[in-house]
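Readers should treat all values here as calculations from the given coordinates under stated rules, not as data from a laboratory. Computed from a predicted model, the values in this text were never measured in an experiment. Backbone-built Cβ (ideal geometry, glycine too); neighbour counts: all protein chains shown.
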Amino acid sequence: MAGNEEVLDEEKQLNENANASIRLTKLPQTRVRNIIKLDHDVTLASSEAVYLITKTTELFVEYFTKEAHKRTVEYKRKTLQRKDLDDAIKTTDHFAFLEDIPLD
Amino acid sequence: DRFLPIANVNRIMKAALPKVGKIAKDAKECVQECVSEFVSFITSEASDRCQQEKRKTINGEDILFAMSSLGFDNYIEPLKMYLTKYREVCFNYFTN
């Protein structure tokens with residue numbers, strides 16, 4: 001019926017507008033959801049869960065970067081280097097899960 | 001793709017550092033990879049709890065619980081605030 005088609009189009013437009021104007025996260029939630037799905041023990045993740053994982057990941061980037069930067073400053077450098085991250089991983093409990101993963 | 005866009009990761013890194021100063025390319029790539037590991041790390045912990053409680057869907061509470069189990073207690077208050085804000089936004093969107 002013609003009426004139903006109009007409603008569906010309007011709904012689609014609303015969704016697109018919402019996605020464009022509401023940017024709640026600095027990292028794309030859809031990509032985060034893809035990474036979550038790689039875990040075969042996971043059946044479903046609610047949108048709240050995806051949102052929170054995205055936000056906590058943003059906080060983590062900040063934390064990891066700042067910790068690594070302490071080494072940059074300690075060695076009187078201006079450029080944050082890979083070895084600063086490696087050192088932070090070795091010496092900070094919070095980053096222990098990153099030890100032994102093959103990076104590049 | 002199992003990585004988050006490096007441009008977004010880089011932006012967050014830059015904002016966390018003083019304006020003077022650069023980030024080496026391999027450092028950006030390293031953080032990009034570590035970030036995917038982090039997502040998997042949290043997901044796995046949250047998923048374990050779900051399985052124990054025989055639930056199929058990971059929810060927001062599971063994430064908060066996972067952060068606590070994994071030693072990221074200091075994130076819980078900020079995450080609760082974000083969750084409140086998120087629910088507000090969703091509510092406004094659906095009622096306007």
### Message
Let's test the formula: R0 of 25 Å, r as the Cβ-Cβ distance of residue A:39 and residue B:90. What FRET efficiency results, to the nearest 0.05?
### Response
0.50
### Query
Going out from 0 in 5 Å bins, what whole percent of all Cα-Cα distances in chain B drops into each bin?
2, 11, 15, 15, 19, 18, 11, 6, 2, 1, 0
### Message
Past 26 Å, Cα to Cα: identify those pairs from A:26/A:66; B:25/B:85; A:83/B:14; A:37/B:25; A:26/B:22, in the order given.
### Response
B:25/B:85; A:37/B:25
